[in-house]
Amino acid sequence: MHFTTDTELYRAMGSNIKHYREQSNLTQPQLAEAAQISISYLSKIEAAGCDKSISISVLNQIANVLNVEITEFFKEDFTK
């Protein structure tokens, strides 16, 4: 994994979070509630133009809800 900018990192994480959320058949409101974050924060994280930073704690909460390893969110070329 190598990201040349923070923006690239945030976009990869957001895209991967969205993928796993959809794979789990969860809506944004359902994931946000389960992860104890706001819907607006989650939607910003998942947005294609995301440049929103995210804490490790929140990332861990989301990974736990989605039942995936936290490292899955850092994949650059995620095959969907």
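Just to be sure, is LYS44 open to solvent by 70 Å² or more (accessible area, probe 1.4 Å), farther than 17 Å from GLU69 by Cα and not in a loop (DSSP other than H, G, I, E, B)? Yes; evaluated as a whole, the condition is true for this residue. Once region 47-80 is narrowed to residues that are open to solvent by 50 Å² or more (accessible area, probe 1.4 Å) and charged (D, E, K, R), the residue that is nearest to ARG11 (Cα to Cα) is ASP51. Name the residues in region 1-16 that are among the polar types (S, T, N, Q) and open to solvent by 40 Å² or more (accessible area, probe 1.4 Å), would you? The answer is THR4, THR5, THR7, SER15.
Considering GLU46, GLU33, the condition of being at pLDDT 95 or above and not β-branched (Val, Ile, Thr) is satisfied by GLU33 alone. Criterion applied to THR79, THR71 was being modelled with pLDDT under 95, of a type outside the set (A, V, I, L, M, F, W, C) and not in a loop (DSSP other than H, G, I, E, B), and the one residue passing it is THR71. Residues that are at pLDDT 90 or above, among the hydrophobic types (A, V, I, L, M, F, W, C) and in a loop (DSSP other than H, G, I, E, B): does region 22-29 have at least one? Yes - at least one qualifying residue is present in region 22-29.
State yes or no: is HIS19 touching a residue at least 12 places away in the same chain (Cβ under 8 Å) and open to solvent by less than 50 Å² (accessible area, probe 1.4 Å)? Lay out the reasoning, then the answer.
On the way: touching a residue at least 12 places away in the same chain (Cβ under 8 Å): yes; open to solvent by less than 50 Å² (accessible area, probe 1.4 Å): yes.
The answer is yes for HIS19.
The values are calculated or read from the model by the stated rules, or taken from the named source; none is laboratory data. Every value quoted in this text rests on a predicted model; they were computed, and no experiment measured them. With ideal geometry, Cβ positions are generated from the backbone for all residues, glycine too; neighbour counts draw on all protein chains shown. Heads up: the accessible areas ignore ligands, DNA and RNA and are worked out on the full protein's heavy atoms, side chains in. Shrake-Rupley method; radii C 1.70, N 1.55, O 1.52, S 1.80 Å.
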